[in-house]
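Below: one structure, written as structure tokens.
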Amino acid sequence: MQITKADKQRLLQAVAELKQEHRELDLAIKEIDEQLVVNQFEIKRLKKHKLKLKDSIARIESQLIPDLHA
């Protein structure tokens, strides 16, 4: 399946946005972890969301790899 330039640009933009959100979650987890009273439930929730983002990023990036039917 061949993707158009517009689709490729849209996918690259989506990946960039997801990676930014992933970095922000990483910082939020680090901040919560450094507090005197650590909210383990919140950390667990953020880490789950971070993993979902990572899966989404991988799924989109795999769409950007051209099919090689030779």
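Where a number appears in this text, it was derived from the coordinates with a stated rule and is not lab data. Quick caveat: nothing in here was measured; it's all calculated off a predicted structure.
Could you please tell me the mean projected area of the C-alpha convex hull for segment 5-63, averaged over all directions and given in square nanometres to one decimal?
Approximately 3.7 nm², given one-decimal rounding.
Enter the angle in degrees (range 0 to 90, nearest 10) between the Cα long axis of helix 40-63 and the first principal axis of the Cα atoms of the chain, meaning the one along which they spread out most.
10
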